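Undergrad: Questions regarding the structure given below will be posed in turn.
The values are calculated or read from the model by the stated rules, or taken from the named source; none is laboratory data. Quick caveat: nothing in here was measured; it's all calculated off a predicted structure. Cβ: placed from backbone, ideal geometry, glycine included. Neighbour counts: every protein chain shown.
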Amino acid sequence: MTSTVVASPSFGDLALLPAVLSAIETLGYETPSPIQAQTIPALLEGRDMLGQAQTGTGKTAAFALPLLSRLELERREPQVLVLAPTRELAQQVAVSFSRYGQNLNGLEVATLCGGQEYRDQLSALRRGAQVVVGTPGRVIDHLDRGSLKLNGLNALVLDEADEMLRMGFIDDVKRVVADTPEDAQRVFFSATLPSEIERIVNKYLVDPVKVTIEARTTTNESIEQRLVRVDGGAKVEALARIIEVEPVDAAIVFVRTRAACTTLTEQLSARGVNVASLSGDLDQSLRERTITRLKRGKVDVLIATDVAARGLDVPRITHVINYDLPQDAEAYTHRIGRTGRAGRTGIAITFAGFREGRKVGWLEQATGQKMDVMELPDEAAIRAHRDEVFHQRVVATLTKGAEEQQALVERLVEEGYDPVELAAVFAAMARADEPPIGRLQAPRRERNERSDRERGSRRRDDRAPREGMTRYRVSVGHKDGVKPGQLVGALANEGGIEGSRIGRIDIRNAFSVVELPNSLPASILAKMARARVAGRALEISEDRGGPERAPRRRRDNGDAPVRRQSRA
Ligand code: ADP
Ligand code: MG
């Protein structure tokens, strides 16, 4: 016996305050995660810190536990300030502080986020909150108003620093840092380390401890995770294209309901895909027979519901396709675990509609892995792929030869036909049964029904803005392929306001007009203006009319035309 076993530390080894330890115990945390084990001791010493680890690795507790342990509870002023990029994240962090600090008498946590009442925030500050968590814009608001004072601050935390910079908060961050005492501890946590972070670290952190936790080795490591943005009506075509072009040995396609299972099986079968369905409808013996057919290569694509596919273990499954989004991260993990089995690699492709971005965010957060956005193969790519497949078939057949056809071909040549032309005609005949390439667009009727529903009350019309609302212009429109949902999402999230507070949205060709509440503070508008949609900053400005009509869309390009609502 020569090796020494280095036990991973327990929370008890970490010199945390007993009241904090007891809370962790109540929460059922057994051992510190790697980032926690490595950052907590230095944070307890008051060192500046740059901590890097993937999402879902416990970064919140990594800074919250030591900082809570060092609070002077009777000193009723902000001692810890945490900046987070979005309201959701700030709220999560605030809740975590309250949970980890549940046994600290007199602990007050204030959450300062955009889109929320000042009243509650002001009273939490007045009660003497020792911990303040917020989004940069609202924190600066309070600094400007004088309601937030940082002279007594011991620690400033930048959570999700990369996301913060990505969202354009760099100047806000600098401003807040400038308002904190020189000797306050400065702590940055981030999932990734773009060079911009290195720069502000060098500028603002003093002799920081740097901790990096390599990507987790999870069971998903051998699975490449991709994301396809595609909405309802185009999903069947998208699936058909992926199955055709991807190097699929066998694939399992997940849908949400039994009915969807049946429909999709029929639709794919009609396109010549070798497909079967596996849903809860099947009795045990039929289920087993279906799986055997998949194993033996009699079937290549299985359409399945979550329950029916639990535990399925077929090594030849190269692809898992989430045709409908899974209910939650657990279901996602189960689904994608059907591929990448027995030491092989697998590919998981998830379909998500343009309004389902948040759910995708949750999945990524929960699995700690980002999905790479994948473009659907376009018509040219499909044709190129089919040519390639046909080319291989021809070459393979050439090695076998086709003697029995030679007399016929010689006769045609003698009759004076050009051999190349002849060969092209044969190729056309041989390929006549290749299925037509569908369109990636829903049929017009379905599209219009859907867009009516999506737009809801945000229909285009020419009446004055509703009461309490102002019209603003944003610099993205049809030409950028923007959808109302994307604008609602970006404005609500970046501005930290409820989506329901956003009024009508009118997408024109080169720009869009959105109604926003009159009461929005300038700082929120400024934040919204920095939001990026379809790769462009929104550059929000008040709509003063101007060239009213964007050029009318041609109707022949498959794009949804801008529909005017009839006033009947
Ligand atoms: P990150 O900020 O790195 O994305 P979070 O701080 O949000 O991660 O933590 C992710 C999840 O892990 C949370 O649900 C949290 O309660 C849980 N968690 C954190 N630390 C531990 C631990 N030591 N043991 C068990 N669960 C933990
Ligand atoms: Mg976090």
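Undergrad: Considering region 157-175 alone, what residues qualify as being away from ligand 1 (no atom under 16 Å from the Cβ) and under 23 Å from the mean Cα position of the chain (by Cα)?
TA: Answer for region 157-175, where residues must be away from ligand 1 (no atom under 16 Å from the Cβ) and under 23 Å from the mean Cα position of the chain (by Cα): Leu165, Met167, Gly168, Phe169, Ile170.
Undergrad: Would you confirm, using the coordinates I've provided, whether Val420 is modelled with pLDDT of 85 or more, out of contact with any strand residue (DSSP E or B) (no Cβ under 8 Å at 6 or more places or on another chain) and surrounded by 11 or more Cβ atoms within 10 Å (Cβ to Cβ)?
TA: no
Undergrad: Considering only residues of region 274-285 that are at pLDDT below 90 and part of a loop (DSSP other than H, G, I, E, B), which is surrounded by the fewest Cβ atoms within 10 Å (Cβ to Cβ)?
TA: Taking the candidates together, the pick is Asp283.
Undergrad: Right, another one. For region 286-323: of the residues being touching a residue at least 60 places away in the same chain (Cβ under 8 Å) and in a strand (DSSP E or B), which is farthest from Thr262 (Cα to Cα)?
TA: Filtering first and then ranking leaves Thr318.
Undergrad: Check Val131 against each of (1) under 28 Å from Thr31 (Cβ atoms); (2) away from ligand 1 (no atom under 16 Å from the Cβ); (3) touching a residue at least 60 places away in the same chain (Cβ under 8 Å) and name the one condition it does not meet.
TA: It is condition (2) that Val131 fails.
Undergrad: For region 156-174, give me the residue count where each residue is without any contact (Cβ under 8 Å) to a residue 40 or more places away in the chain and within 12 Å of ligand 2 (Cβ to nearest atom).
TA: 2
Undergrad: To continue, here is another question. Please specify each residue of region 33-53 satisfying the condition of being within 15 Å of ligand 2 (Cβ to nearest atom) and within 10 Å of Pro9 (Cβ to Cβ).
TA: Gln36
Undergrad: Give me the pairs, please: first residue somewhere in region 356-375 and under 12 Å from Thr333 (Cα atoms), second residue anywhere and within 16 Å of ligand 1 (Cβ to nearest atom) and outside any helix (DSSP H, G or I), beta-carbon distance under 6 Å, and either six or more positions apart or on two chains.
TA: Pairs found: Glu364/Lys370; Gly368/Gln54; Gly368/Thr55; Gly368/Gly56.
Undergrad: Filter region 136-158 for residues that are out of contact with any helix residue (DSSP H, G or I) (no Cβ under 6 Å at 6 or more places or on another chain) and in a loop (DSSP other than H, G, I, E, B) and give the result.
TA: Listed by number, the residues that qualify are Gly146, Lys149, Asn151, Gly152, Leu153, Asn154.
Undergrad: A follow-up question, please. Test Ala178 against the criterion of being within 16 Å of ligand 1 (Cβ to nearest atom) and either closer than 24 Å to Gln36 by Cα or free of Cβ contacts under 8 Å to residues at least 40 places away in the same chain (or both), and give yes or no.
TA: no
Undergrad: Could I ask something else about it? Quick one: count up the residues across region 15-39 that are small (Gly, Ala, Ser), within 13 Å of ligand 1 (Cβ to nearest atom) and part of a helix (DSSP H, G or I).
TA: The number of residues fulfilling the criteria is 2.
Undergrad: Having 3 or more residues that are at pLDDT below 95, more than 17 Å from Leu27 (Cβ to Cβ) and within 25 Å of the chain's Cα centre (by Cα) is the bar; report the helices (runs of 4 or more DSSP H) wholly within region 41-128 that clear it.
TA: Helices (runs of 4 or more DSSP H) meeting the threshold: 87-100.
Undergrad: Given (1) buried (at least 17 other Cβ atoms within 10 Å of the Cβ); (2) within 16 Å of ligand 2 (Cβ to nearest atom); (3) among the basic types (Lys, Arg), where does Arg99 come up short, assuming only one miss?
TA: With (1) buried (at least 17 other Cβ atoms within 10 Å of the Cβ); (2) within 16 Å of ligand 2 (Cβ to nearest atom); (3) among the basic types (Lys, Arg) applied to Arg99, the lone miss is (1).
Undergrad: Related question: Let me spell it out: the conditions are (1) away from ligand 1 (no atom under 16 Å from the Cβ); (2) in contact with a helix residue (DSSP H, G or I) (Cβ under 7 Å, 6 or more places away or on another chain), and Thr192 meets all of them except one. Which number is the exception?
TA: (1)
Undergrad: Could you list, ordered by first residue, the pairs with Cβ atoms under 6 Å in which the first is in region 250-269 and hydroxyl-bearing (Ser, Thr, Tyr) and the second is crowded, with 21+ Cβ neighbours inside 10 Å, at least 6 apart or interchain?
TA: Pairs that qualify, where the first residue is hydroxyl-bearing (Ser, Thr, Tyr) and the partner is crowded, with 21+ Cβ neighbours inside 10 Å, are Thr265/Val275; Thr265/Ser277; Thr265/Ile303; Ser269/Val275.
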